[in-house]
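Since the structure comes first, as structure tokens, the remarks are kept for the end.
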Amino acid sequence: MIKLSEKIKIKIRFCPNCMGSKIRTYHEEEELNRGCNKAWKRVMYWVPMIWCRDCEKHSAAFEWVKAKHDAVLVAMGGMTTQEIKDLRKGLGFKNAVEFARYLGVGDSTVKRWESRSGYPSTAHRMLLKLAASGVDLSAVKNCNRNQSGE
């Protein structure tokens, strides 16, 4: 089993039930429900939680979606969003577009991964693992429609 250590910061500081602002925040560890996909790895992750003094209910904070997204990435055999960002920065790329071109993927692909609006495909996860292991991917030809003149 893989245990994620990152705790997503709770930025939306009100109760999702009553919209009250008298809250206490904390994190609970939870196992990702693998559902029908038995090939996924077992992952424990931290769910951002809120306890509301107004309605006296415990609930997952709005940011739980981000935490679950990262857990799914790891369960599929990939990296968390923060690990992708750290890899990009560690390789010296200032922005997602430069890193995308280095990987040979579409210009907005890495932006989607880093903003948690998309998941890397199996092939993209392999590219990320190769880059993380030190393989030079600068020879990868990016033939996507976002580049012109090549």
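The values are calculated or read from the model by the stated rules, or taken from the named source; none is laboratory data. Quick caveat: nothing in here was measured; it's all calculated off a predicted structure. Backbone-built Cβ (ideal geometry, glycine too); neighbour counts: all protein chains shown. Side chains included, ligands, DNA and RNA excluded: accessible areas come from the protein's heavy atoms. Shrake-Rupley method; radii C 1.70, N 1.55, O 1.52, S 1.80 Å.
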Residue tally, condition open to solvent by less than 90 Å² (accessible area, probe 1.4 Å) and part of a strand (DSSP E or B), over the range 1-15: 1
Residue in the range 51-65 that is open to solvent by 70 Å² or more (accessible area, probe 1.4 Å), closer than 20 Å to Ser121 by Cα and in contact with a strand residue (DSSP E or B) (Cβ under 8 Å, 6 or more places away or on another chain) present: no
The range 66-82, subset of a type in the set (D, E, K, R) and either in contact (Cβ under 8 Å) with a residue 40 or more places away in the chain or touching a His at 6+ places or on another chain (Cβ under 6 Å) (or both), residue least open to solvent (accessible area, probe 1.4 Å): Asp70
Some residue of the range 83-96 being open to solvent by less than 10 Å² (accessible area, probe 1.4 Å) and of a type in the set (S, T, N, Q): no
The range 101-134, subset open to solvent by less than 60 Å² (accessible area, probe 1.4 Å) and β-branched (Val, Ile, Thr), residue nearest to Val74 (Cα to Cα): Val110
Near pairs, Cβ below 8 angstrom, 6+ apart or cross-chain, from the range 120-138 (within 16 Å of Val97 (Cβ to Cβ) and in contact (Cβ under 8 Å) with a residue 12 or more places away in the chain) to any residue that is open to solvent by 40 Å² or more (accessible area, probe 1.4 Å) and assigned to a helix (DSSP H, G or I): Leu137/Leu130
